[in-house]
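The values are calculated or read from the model by the stated rules, or taken from the named source; none is laboratory data. Because the structure is predicted, anything quoted here is derived from the model rather than measured. In this analysis, Cβ positions are derived from the backbone assuming ideal geometry, glycine residues included, and neighbour counts consider all displayed protein chains. Side chains are part of the model used for accessible areas, which takes the heavy atoms of the whole protein and leaves out ligands, DNA and RNA. Shrake-Rupley method; radii C 1.70, N 1.55, O 1.52, S 1.80 Å.
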Amino acid sequence: MIDEYDVPLDKAFQAGYYDRMVSLIRNMLGNALKTNENLYFAVLTGCLRISRESIFTGLNNLKVHTISDVRYDEFFGFTDTDVDEMLNFYGLSSSKDTIRDWYDGYRFGGADVYCPWDVINYCDELLANPVARPKNYWANTSGNGMVRRFIEKADQNTKNDIERLLNGEAILKPVKEELTYQELDDSIDNLWSVLYATGYLTGRESVREEEDRMELAIPNREVRKLFVDLVKDWFEETTLADFGRINRFCAAFPKGEVSTIQDMLHDYLWDSISVRDTAVRTDRKENFYHGMVLGLLRSQENWLLHSNAETGEGYSDISVCTPERIGIVIEVKYARDGNLEAACEAALQQIEDRKYEEGLKRRGMKKIMKYGMAFCGKDCMVSMAER
C-alpha cells in the first residue's frame, strides 16, 4: 500500500526540482511494482492521476479508479447512512444539519459522500464540548498552495468564475483526469482539473455531448470558507503592494475628494474577486465591502481606525482619527435593489440619526468628514456630508 504517492511530486514541483523527483519515483516504483517477483498485489492512492508517460512508463498493468468512476465510489467517504449511524451511536443526531452544511457535498461517481476526516473530528469535539463550533479540519491539514497559485494566475474571466462559485453557483469546465505537473501552467483549465481532483471542487453533472466537461461547484461550507480566506489574503497582499495607489486612495478621504474615492473603489472592485454571500441576510452581504475598505485604510500606520466601534448612539462601520485631527466616519450599505444613490442617502442619514460623529469629537477631532458608501456587485457610489 503506497498512500499519497503524488505528494513528493507536488512538493518537488512547487520547489523546482520536479524532474529529479520524477526520476527517483519512477525508478522506485518500477523496482517495487514491476520487477518485484515477491509482489502479488499493490494499491497506490493519490490526488492527482499522474500521466503514464510521466512516471509509469514501465508499469503497463495498472487499473485506475478515479473519483468520477462509479466503482468503489461509496468508499471515498461517508455516505448519509454512515453519518446517521455514527451520530445515533454517539447521541449527536441534533448536529446532523450542521455536519451536512459543513462537510457534505462531494459527488464521487454516483455517490454523495461526506469528508470522513471532518465528520470524525467534529464528532470527537462535540463529545467533549456539545456546543463546539465546526472547524476546517480537512482544509487545515492539506496544502493550499495550489489554490493560491490558481487565484494568483486568474484573469478577469476566471475571477468572475470564482465569484460565481463563492456565491453557490456551478460552472461548466473541461476536466482532464490525467496530467503532468509541467502541464498545469499551460492553461487555467488545467488548474480547474486539479482543484476538482484534490477536493476543493466537486462535480455536479457531466455534459454527455462533451464528456470532458463537468459542472463544478464548491462542495460545502468548510471549503467555501477556505476559498474566502485565501481570496481575502490575496486581495490584501496584492493591493497593499501598490503603495502609491493605496496612498492616493487614503489621502482622498481627509481632502473630501469623493470622485477619486469612488473611481478607485470601482477599480479595486473590478480587479478583485468578490466574496459577498448571496445566501445570507442583507447586512452580511456588506461584510466583503466593509472589509475591503477597512483593509485599504489600515495601510496608514499613523491613522487610528475603529471598526464597528461605538461612536454615538450606535456602532459606525468605520471611524478614523488622523494626526491632523480630522475625523472620518464611513457607513457601508449593500444596495439590494441596485439603487446606489438611495443606499448612500440612507448611510449618511444613519450617521446623522445615530450621532456617529460624537465619539470622534470626544477624541479631539476638529473636523468631521462623513461618507456614505453603497455597493452592488462590482458597482459602487460614494457620497459625503461635511461638518
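Sequence-ordered 3J(HN,Hα) estimates for the range 285-299 from the Karplus curve with 6.51, -1.76 and 1.60 and θ = phi - 60° stand at 5, 6, 4, 4, 5, 4, x, 5, 5, 4, x, 5, 5, 5, 5 Hz, glycine and proline given as x. Of all accessible surface on the chain at a 1.4 Å probe, what whole percent is carbon and sulfur? Of the solvent-accessible surface of the chain, carbon and sulfur hold 47 percent. Packing, taken as the mean count of other beta carbons within 10 Å per residue, orders the peptides 338-349, 29-40 from highest to lowest as 338-349, 29-40. Largest GNM mean-square fluctuation across 235, 249, 89, computed for the chain with C-alpha springs under 10 Å, falls on 89.
Positive-end ranking of 94, 134, 293 along the dipole of the chain, with charges on Cβ about the Cα centre, is headed by 293.
In the set (1) 39, 32, 16; (2) 36, 23, 20; (3) 48, 25, 19, which value of semi-axes √(5λ) of the Cα gyration tensor in Å was calculated from the structure you see? Comparing each candidate, only (3) matches the computed number. The range 333-352 and the range 110-175 have Cα centres separated by 34 Å. If R0 is taken as 25 Å, the Cβ-Cβ distance between residue 266 and residue 185 corresponds to a FRET efficiency of 0.20. Under the simplified labelling scheme, the residue 160-residue 27 pair shows an inter-label distance of 5.0 nm, with each label point 7 Å from Cα along Cα→Cβ. The magnitude of the dipole of the range 285-387, with charges of +1 and -1 set on the Cβ of Lys/Arg and Asp/Glu and taken from the Cα centre, is near 340 debye.
Residue-wise HN-Hα couplings along the range 329-344, as the Karplus relation 6.51 cos²θ - 1.76 cosθ + 1.60 with θ = phi - 60° gives them from phi, are 10, 10, 10, 9, 10, 9, 8, 4, 8, x, 7, 5, 5, 5, 5, 5 Hz; Gly and Pro carry x. For the options 133, 107, 354, a Gaussian network treatment of the chain with springs between C-alpha atoms closer than 10 Å singles out 133 as fluctuating the most. Estimated from helices alone, the mean residue ellipticity of the chain at 222 nm is -13500 deg cm²/dmol (sum of -39500 (n - 2.57) over DSSP H runs with n ≥ 4, per residue). Based on the convex hull around the alpha carbon atoms, the range 313-356 presents an average projected area of 3.4 nm².
Pairs with C-alpha atoms separated by more than 23 Å, drawn from the list 159/378; 255/285; 153/225; 11/176; 255/367, are 255/285.
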